[in-house]
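The structure appears right after this line, and notes come after that.
Every number here is computed from the coordinates shown, using simple stated rules; none is lab data. Not measured: the values here are computed from a predicted model. In this analysis, Cβ positions are derived from the backbone assuming ideal geometry, glycine residues included, and neighbour counts consider all displayed protein chains.
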Amino acid sequence: MIKRYLVAICTYNEGEKIKRVIKKFNDYDLYDVLIVDDGSSDDSLKYMPRNLPIEIIVNASQKGAGYATRQTIDYAKEKGYFGIIFVSGNDKEDPDDAAKLVEAIEEGYDFVQGSRYLPGGDYQKMPFYRIIATKWIHPFLFSMIAGMRITDSTNGFRAMRLSIMDNEHLDLNEQWLDQYELEPYLFYKVIELEYKVTEVPVKKIYPPKVQGYTKMKPFIGWWSILKPLIYIMFKVKK
């Protein structure tokens, strides 16, 4: 019997970090777990215990973060989940915060964004340049374009009702959304379509630098996450 919620974890060559995520997000009374391995070559999931109630989708080659996110949404819709909780595979999230996301959905919100910058949130060991980008630059542009003040527009730790995806005005199946564009675009669209949106405080704890902060490449990745805002601002995309 499926739960009401699905924890969706996308991973690409996360090594020991994805193993720690699997150990942490283990509240199987609250949610089921799906992992999308987007073409990893590091065998990080090869020796995962097979007795865990976890489903795994493996892409033969790397498709992109947005593509993998669409896969999780399609899976959740097909299985009939009520809501989905998005979790990164790089071990930055606190599993205790998942209950906050679920609680807000149960209170009637359609889309719940985790924010490390709200009172009660945290962002330990975060590089200074990423604080500038994620606390000031992106949220300022996002809030201006969306018409709603958002404190943490790039945080991938979030939850939503799957019924959102029944809206004919929300189309994520476009190739330009295959990389990092999909997350900010989806966030913007649920606000534009007047769904009930809120933020809740969460933690975002960065691992030691030697393990790598992110798979996002400088300039290319930054443009990817800014692109939806620029496209919408100049009416290149709707």
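Some points to look at:
- Distance between modelled label sites at Asn26 and Ala99, nm, 7 Å Cα→Cβ extension: 1.7
- Ranked Phe157, Phe25, criterion: other C-beta atoms within 10 Å, fewest first: Phe25, Phe157
- Each of Phe140 and Leu118 was given a label point 7 Å from its Cα along the Cα-to-Cβ line. The distance between the two points is 2.3 nm.
- Taking each DSSP H run with n ≥ 4 as -39500 (n - 2.57) and averaging over every residue of the chain yields -9000 deg cm²/dmol at 222 nm.
- For Glu199, the residues whose amide H sits under 5 Å from its own are Gln113, ignoring neighbours fewer than 5 places away on the same chain, with H placed 1.01 Å from N.
- Around the amide H of Cys10, modelled in the peptide plane, lie the amide H atoms of Val36, Val87, Gly89, all under 5 Å away and 5 or more residues distant in sequence or on another chain.
- Mean Cβ count within 10 Å, highest first, over the residues of peptides 132-144, 8-20, 91-103: 8-20, 91-103, 132-144
- Beta bridges assigned by DSSP with both partners in region 5-233 are antiparallel in approximately 25 percent of cases.
- Distance between modelled label sites at Ile57 and Lys125, nm, 7 Å Cα→Cβ extension: 3.0
- Estimated FRET transfer efficiency when R0 is 41 angstrom, pair Met233-Lys46 (beta carbons, to 0.05): 0.40
- For the residue pairs Lys17/Lys203; Lys63/Lys92; Lys79/Lys238, the alpha carbons lie more than 27 Å apart in Lys79/Lys238.
- Close amide H partners of Ile56, meaning residues 5 or more places away or on another chain with modelled amide H under 5 Å apart, are Ile35.
- Restricting the calculation to alpha carbons of region 12-132 gives Rg and Dmax of 15.3, 42 angstrom.
- Per residue, the Cα convex hull of region 108-216 amounts to 115 Å³.
- Cα-Cα separations in the chain greater than 30 Å, expressed as whole percent: 18
- Extension gain, Glu78 back to Glu16 (0.36 nm per residue minus Cα-Cα distance, nm): 19.3 nm
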